[in-house]
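The values are calculated or read from the model by the stated rules, or taken from the named source; none is laboratory data. Since the model is a prediction, treat every value here as computed from it, not as a measurement. Positions of Cβ are generated from backbone atoms using ideal geometry, with glycine treated the same way; all protein chains shown enter the neighbour counts.
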Amino acid sequence: MRNSRISLFLAVGAVTTLVPALTPATASAAENPLRPYLQQKPAWHRCDTAMPAAFQCATIKVPLDYNSPGGKKLDLAISRLKTSTKEERRGVLLLNPGGPGGPGVDMPQYLAGELPKAVKAKYDLIGFDPRGIGQSSPVGCGLTSEERNWQRPYKAETFTRDVKWARTVAEKCDAKQGDKLRHITTRNTARDMDVIRVVLGEKKISYLGYSYGTYLGAVYTQMFPKRSDRFVLDSAVDPARVWRGMIQVWAEGTEPAFTRWTKWTAARHATYKLGKTPQAVRKTFYDLVAQADREPIDLDGTLLTGADIRYGSRGTFFSVRDAAESVAQLKKAATGAPSSAGRELRTPAPLPPSFGRTVPSDNGDAGFWSVVCADTRTWPRDPEQYRKDAIRDKAKYPLYGDFASHIKPCAFWQKKGSEPATTIDNKVGALILQNEWDSQTPLTSGQGLRLAMKGSKMVTVSGGVGHGIYGTKSCADKTATAYLTTGKLPSKDVTCQAAPAADERSDPNPLPLPTPRGIPGMVSRF
């Protein structure tokens, strides 16, 4: 496995009525074609012999197509940790770690060690692998390692090849999964959540969603507002920008973080020797990028091009100390000097429980593209539009702009029968948590969700670094716990101050949120 220095561089419309509220047992299948799904009784069993007996798993069925519930079915892997305090129990707290493409069946077991006792006394913790992901009828496109690499800089000489790559991914997914992928969407996952609600015998659900999980939670509140209880949306996606805009916001959010890093690093020139002024630090970095473009730099046996450095270091600049140490090591490697030993990688999270199903190696990628491409019909279809946008955004956001706006498989994704994106515009109560310096869902993204959800309140962690807040001993934890245990939102939006030197934290992704292949422990998608 690569050491940490290399890892740092390579680092919906109207309310649906499809699932009625706790349908009476006397309702016929003709009156409600979803009745067979809603009357399921989960066969709970111990998830894994290596895990506590109280951590239980089950598999239920959901329709592939909610417009044709009598047709093909999907397995949905669910899990639970029941509260031991029946007299205080309020209901269930569904959990989602993000992605798109992140499995969540292990979330109750992980968060049991992170959430306050007062929250665990109120709720059964409920995890699930979203449809198409992990143990829930996992999808795969048969993509090669090279085809899974979607971080592609714009270059005139490689544009034709990159267009061919995007088309190939879309065509392989269509050929491998056929009609299935257009149903792997956020709206359908929200419908699955409501089936889970009914199967568990609950009138409402509460919810804790991270990253992409904030968008999933927002879509649920839009589709099922009367069944939404207490929703905490942590590190938020802007629903107005799904999904191309949320990739592009990485470029927009990185430039201020990079500027902040140059100032911090210039003030510590004696330590890092990268430049005495912010301008000098910036020049040092881009000189290294230019040198690597001429001839790749060997960093501990890995050859890095300028594009590798720009892409791989993007998220690192939000954690200023990590970035300074990494660029200093890169500068040393650029002279041909051997690198010193780096920090150890974070201990990998334990594997989720197995339901005996084989998960395709490209499941995360297939799930990611399915949701990102099928959720919305707004992706440009003309490759030339991507070329123009990539050229424009590389000039505007030099660190990552061309990566963000370059061609993606969604340009060629099959749109037949897909639903339009959900418009989030409701007054459902929810609590949004947002770090000021989040590399994956920048502050402006959280502000966008707050604007769309008019009944919500937002806690902004000033100076906060990292993707994922609740459960990390943040200053936002107290407000989130109070909301989950009492139901009371703050009377107005709140700003709290991160702990001193939080911006120097060495772990910009403190929670085990979904991580792209090849970048262990550093950044997630959304």
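Applying the set (1) over 23 Å from residue 490 (Cβ atoms); (2) crowded, with 24+ Cβ neighbours inside 10 Å; (3) under 19 Å from the mean Cα position of the chain (by Cα) to residue 433 leaves exactly one unmet item: (1).
Residues of the range 174-214 that are within 19 Å of the chain's Cα centre (by Cα) and among the polar types (S, T, N, Q): 185, 186, 188, 189, 211, 214. Of the residues making up the range 262-282, not a single one is more than 17 Å from the chain's Cα centre (by Cα), under 30 Å from residue 457 (Cβ atoms) and either modelled with pLDDT of 95 or more or crowded, with 24+ Cβ neighbours inside 10 Å (or both). A single member of 224, 231 is buried (at least 24 other Cβ atoms within 10 Å of the Cβ), over 15 Å from the mean Cα position of the chain (by Cα) and among the aromatic types (Phe, Trp, Tyr), and it is 231. Residues that are closer than 27 Å to residue 131 by Cα number at least 1 in the following helices (runs of 4 or more DSSP H) confined to the range 371-458: 401-405, 443-452. Checking each residue in the range 151-204 for being part of a loop (DSSP other than H, G, I, E, B), modelled with pLDDT of 95 or more and closer than 30 Å to residue 125 by Cα picks out 184, 185, 200, 201, 202, 203, 204. Restricting the range 295-321 to residues that are among the polar types (S, T, N, Q) and outside any strand (DSSP E or B) leaves a set whose member that is surrounded by the fewest Cβ atoms within 10 Å (Cβ to Cβ) is 305. Residues in the range 412-430 that are aliphatic (A, V, I, L, M) and touching a helix residue (DSSP H, G or I) at 6+ places or on another chain (Cβ under 6 Å) were compared, and the one that is surrounded by the fewest Cβ atoms within 10 Å (Cβ to Cβ) is 428.
Give the residues of the range 400-432 that are among the β-branched types (Val, Ile, Thr) and out of contact with any Lys or Arg (no Cβ under 7 Å at 6 or more places or on another chain), sorted by residue number. If the condition is that a residue be among the β-branched types (Val, Ile, Thr) and out of contact with any Lys or Arg (no Cβ under 7 Å at 6 or more places or on another chain), then 407, 423, 424, 428 are the ones that fit. Pairs linking a residue in the range 36-61 that is among the acidic types (Asp, Glu) to a residue that is buried (at least 17 other Cβ atoms within 10 Å of the Cβ) and not in a loop (DSSP other than H, G, I, E, B), with Cβ atoms under 9 Å and 6 or more positions apart or on different chains, are 48/57. Please work out if residue 241 is touching a Lys or Arg at 6+ places or on another chain (Cβ under 8 Å), within 25 Å of residue 427 (Cβ to Cβ) and modelled with pLDDT of 95 or more. Spelling it out, it is not the case that residue 241 is touching a Lys or Arg at 6+ places or on another chain (Cβ under 8 Å), within 25 Å of residue 427 (Cβ to Cβ) and modelled with pLDDT of 95 or more. Considering every residue within the range 68-90, establish whether at least one is among the basic types (Lys, Arg) and under 22 Å from the mean Cα position of the chain (by Cα). Yes, the range 68-90 contains at least one residue that is among the basic types (Lys, Arg) and under 22 Å from the mean Cα position of the chain (by Cα).
Residue count for the range 459-484, restricted to those that are part of a loop (DSSP other than H, G, I, E, B) and either out of contact with any Cys (no Cβ under 6 Å at 6 or more places or on another chain) or small (Gly, Ala, Ser) (or both): 10.
Summed over the range 112-150, residues that are of a type in the set (Val, Ile, Thr) and either outside any loop (DSSP other than H, G, I, E, B) or over 16 Å from residue 177 (Cβ atoms) (or both) total 3.
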